[in-house]
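Participant: Below are the structure tokens for one structure; questions will follow.
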Amino acid sequence: MSSRQSSSLQTVNELIAGSVGGAAQVLVGQPLDTIKTRAQIAPKGMFKGPMDICVQTIRKEGFLALYKGMASPLVGIAGVNSLLFASYGASKRIISPFPNLSLKEIAAAGAMAGAANAILASPVEMFKVRMQGQYGAATDKRLRDIMREMWSEFGFRKGVMRGYWVTVAREIPAYAGFYTAFEFTKRKFTKTYGAQLPVWALLTSGATGGIAYWLACYPLDVVKSRVQLRATPPSGTPVQYIAHEIRTIVAEAGVSGLFRGLTPSLIRSIPAAASTFAAYEITREYLKEYTGV
């Protein structure tokens, strides 16, 4: 097999494994993601905290309301995670022809993958946030109605891709931290258990990466959610509207407002990221045995 064929097959394997990992992430993490998003975007005084969001959501809208907005990421996650993992694999090969990258090189590859990932992550997140920002009223819209509305009223750039640049700004540090923490933890386990890690070690490595993801980018995630939920598109350059949104949040709720919903995000990251990486790694290893690359 030529090196070009081998590289192409590696990319295909990463795309397939990324899809499996992404589906696992959505199924496991969606309820806490809904709580996180509502903590970020709910009007002041509507909820007392994350637990109150959970209780009120179930009481008023039913348990399945915690999965509101899941259709967008579940349908889009195959593309999003496939692009993420494939971009990460390609970025590593661009940075170094050798397989064992340093943690600095891992961080750079993660940042590059995050920037590429934003292309698909932005519209998927935008539709999810707008679904989660509905609270069970008779006027709540279905996903297809929101998609049609955003396209017809605002077009592709200001509607479907609203929040793209703040998503890029979020994804770069997020995935630099994500992959660095994952690889660091995984390498520590490898020294003890060898190359074939037990599943619990993969789960722990993934959870560590998930926590690092949110700690690296959380204020920008709050900004992204608010921008995507706006009734009208933001004005000005990306730097201007991001800075304006940060000032608005601080004026409304203080610096702590930039971290609203962080607790459910960190809690969610443990099972969600763990399941993502475990599913990805297991699928990738299976495909490697089957294809030889």
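Participant: Taking into account only those residues within the stretch 84-106 that are modelled with pLDDT under 90 and crowded, with 22+ Cβ neighbours inside 10 Å, which is farthest from the chain's Cα centre (by Cα)?
Facilitator: So the residue we want is A86.
Participant: Sticking with this one: Let me spell it out: the conditions are (1) over 23 Å from P43 (Cα atoms); (2) part of a helix (DSSP H, G or I); (3) of a type outside the set (F, W, Y); (4) touching a Leu at 6+ places or on another chain (Cβ under 6 Å), and S275 meets all of them except one. Which number is the exception?
Facilitator: (4)
Participant: Related question: Looking at K128, K141, which one is among the basic types (K, R) and over 19 Å from V26 (Cβ atoms)?
Facilitator: K141
Participant: Restricting attention to the stretch 27-40, does a residue exist that is modelled with pLDDT of 90 or more, in a helix (DSSP H, G or I) and of a type in the set (K, R)?
Facilitator: Yes, the stretch 27-40 contains a residue that is modelled with pLDDT of 90 or more, in a helix (DSSP H, G or I) and of a type in the set (K, R).
Participant: Can you find a residue in the stretch 141-157 that is in contact (Cβ under 8 Å) with a residue 24 or more places away in the chain and more than 24 Å from the chain's Cα centre (by Cα)?
Facilitator: Yes: one or more hits.
Residue by residue, here is whether (1) of a type in the set (G, A, S); (2) free of Cβ contacts under 8 Å to residues at least 60 places away in the same chain; (3) under 30 Å from S8 (Cβ atoms) holds:
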| site | (1), (2), (3) |
| --- | --- |
| W200 | no, yes, no |
| A216 | yes, yes, no |
| R226 | no, no, no |
| A231 | yes, yes, no |
| T263 | no, no, no |
| S269 | yes, no, no |
| F277 | no, no, yes |
| E281 | no, no, yes |
| T291 | no, no, yes |
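Participant: In the stretch 40-66, which residues are closer than 29 Å to I246 by Cβ and of a type in the set (V, I, T)?
Facilitator: I41, I53, T57, listed by residue number.
Participant: A follow-up question, please. Just wondering, is there one or more residues in the stretch 162-169 that are hydrophobic (A, V, I, L, M, F, W, C) and at pLDDT below 95?
Facilitator: If we filter the stretch 162-169 for residues that are hydrophobic (A, V, I, L, M, F, W, C), which is where we start, we get 165-166, 168-169.
Adding the requirement that they be at pLDDT below 95 leaves none.
No: zero hits.
Participant: Also, I was wondering about something else. Going through the stretch 54-82 one residue at a time, which ones are of a type in the set (A, V, I, L, M, F, W, C), modelled with pLDDT of 90 or more and in contact with a Ser or Thr (Cβ under 8 Å, 6 or more places away or on another chain)?
Facilitator: Selection gives A65, L66.
Participant: Working carefully through the options T291, T263, T283, T276, find the one that is farther than 25 Å from S205 by Cα and either touching a Ser or Thr at 6+ places or on another chain (Cβ under 9 Å) or polar (S, T, N, Q) (or both).
Facilitator: Within the list T291, T263, T283, T276, the selection yields T291.
Participant: Tell me the residue from L203, L197 that is in contact with a helix residue (DSSP H, G or I) (Cβ under 7 Å, 6 or more places away or on another chain), modelled with pLDDT under 95 and over 19 Å from R268 (Cβ atoms), please.
Facilitator: Just a single option satisfies the conditions, and that option is L197.
Participant: Could you list, in sequence order, all residues of the stretch 135-174 that are of a type outside the set (A, V, I, L, M) and surrounded by 17 or more Cβ atoms within 10 Å (Cβ to Cβ)?
Facilitator: Those that are of a type outside the set (A, V, I, L, M) and surrounded by 17 or more Cβ atoms within 10 Å (Cβ to Cβ): G159, R162, G163, Y164, W165, T167, R170, E171, P173.
Participant: Could you please let me know if I267 is of a type in the set (A, V, I, L, M), part of a helix (DSSP H, G or I) and under 30 Å from E153 (Cα atoms)?
Facilitator: Taking the combined requirement at face value, the residue does not satisfy it.
Participant: Cβ-Cβ distance below 9 Å, separation of 6 or more or different chains: which pairs start in the stretch 93-112 with a residue that is without any contact (Cβ under 8 Å) to a residue 40 or more places away in the chain and end on one that is buried (at least 16 other Cβ atoms within 10 Å of the Cβ) and part of a loop (DSSP other than H, G, I, E, B)?
Facilitator: I95/L101
Participant: When the residues of the stretch 248-276 are narrowed to those that are in contact with a helix residue (DSSP H, G or I) (Cβ under 7 Å, 6 or more places away or on another chain) and among the hydroxyl-bearing types (S, T, Y), which ends up farthest from D221 (Cα to Cα)?
Facilitator: Ranking the candidates gives S275 first.
Participant: For G136, indicate whether it is assigned to a helix (DSSP H, G or I), of a type in the set (G, A, S) and at positive phi. Break it down into steps so the answer makes sense when it comes.
Facilitator: Numbers: assigned to a helix (DSSP H, G or I): no; of a type in the set (G, A, S): yes; at positive phi: yes.
Judged against the criteria, G136 is not a match.
Participant: Which residues, counting only those in the stretch 21-67, are more than 21 Å from W214 (Cβ to Cβ) and under 22 Å from the mean Cα position of the chain (by Cα)?
Facilitator: Residues satisfying the conditions are L64, A65.
Participant: Hey, another quick one. If a residue must be of a type in the set (G, A, S) and in contact (Cβ under 8 Å) with a residue 40 or more places away in the chain, how many such residues does the stretch 43-53 contain? If you could, list the steps in order and put the result at the bottom.
Facilitator: Step one: of the stretch 43-53, the residues of a type in the set (G, A, S) are 45, 49.
Going one step further and asking which of them are in contact (Cβ under 8 Å) with a residue 40 or more places away in the chain, we end up with none.
Count: 0.
The values are calculated or read from the model by the stated rules, or taken from the named source; none is laboratory data. All figures in this text were calculated on a predicted structure; none of them were measured in a lab. Cβ: placed from backbone, ideal geometry, glycine included. Neighbour counts: every protein chain shown.
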